[in-house]
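Notes follow the structure.
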Amino acid sequence: QDELKMLARVERRAAESVVPLLEKYKLVPRDESELKLRGEGHVQRHVSFDWIEFMTYMVSRYPGYLEEFTALERMAPEADLYALKSLTKHEVAAIEFAKRELAGDPDSMAPLCDYLNT
């Protein structure tokens with residue numbers, strides 16, 4: 001339960017980190033109700049996963065997002081890098097957390113805490 005609460009805080013922080021870019025480029029995010037509906041759909045696709053299966057999914061799937069984020073960083077103007085790098089740090093923290101969970105590390109939440117403290 002603590003892990004899920006921490007993951008939710010980390011996700012919220014990542015979402016908040018891109019608000020300046022949304023405002024700068026006058027982008028309109030999807031309505032919160034649509035995002036919630038999409039999120040619930042994502043959860044439903046993985047509801048049959050136990051914790052280890054979900055951590056394994058994260059370790060196998062999330063590194064692909066890192067490639068996309070670093071590609072965005074390479075294209076971005078210098079002024080946008082702080083927000084974009086925050087998203088990259090978010091993925092790195094999530095992947096490291098999942099790896100530590102799979103390894104049975106009692107301090108598995110450290111990467112998430114470190115992300116929140118940066």
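Points to keep in mind about this one:
- Enumeration of residues in region 7-24 that are surrounded by 11 or more Cβ atoms within 10 Å (Cβ to Cβ) and either closer than 20 Å to L112 by Cα or of a type in the set (F, W, Y) (or both): L7, R9, V10, E11, R12, R13, A14, A15, E16, S17, V18
- Answer residue from region 90-116, given it is farther than 18 Å from R13 by Cβ, of a type outside the set (A, V, I, L, M, F, W, C) and open to solvent by 60 Å² or more (accessible area, probe 1.4 Å) and is farthest from the chain's Cα centre (by Cα) among those: P106
- Criterion (modelled with pLDDT under 90 and open to solvent by 80 Å² or more (accessible area, probe 1.4 Å)) met by exactly one of L4, L87, L27: L4
- Contact map, region 42-61: residues that are within 21 Å of G104 (Cα to Cα) paired with residues that are in a helix (DSSP H, G or I) and open to solvent by 60 Å² or more (accessible area, probe 1.4 Å), Cβ distance under 6 Å, separation 6+ or inter-chain. Pairs shown: M55/L102; V59/K99.
- The residues on offer are K26, K99, and the sole one that is under 18 Å from D2 (Cα atoms) and without any contact (Cβ under 8 Å) to a residue 60 or more places away in the chain is K99.
- Pairing each residue of region 66-80 that is open to solvent by 60 Å² or more (accessible area, probe 1.4 Å) with any residue that is not polar (S, T, N, Q), provided the two are 6+ apart or on different chains, yields C-beta distances under 7 Å for L72/L84.
- Counting the residues of region 18-56 that are in contact with a Phe, Trp or Tyr (Cβ under 9 Å, 6 or more places away or on another chain) and among the β-branched types (V, I, T) gives 1.
The values are calculated or read from the model by the stated rules, or taken from the named source; none is laboratory data. Computed from a prediction, not measured in an experiment: that's the story for all the values here. Quick reminder, even Gly has a Cβ in these numbers, built from the backbone with ideal geometry, and neighbours come from all protein chains shown. Each accessible area value is taken on the protein alone, full model and side chains, heavy atoms only, with ligands, DNA and RNA left out. Shrake-Rupley method; radii C 1.70, N 1.55, O 1.52, S 1.80 Å.
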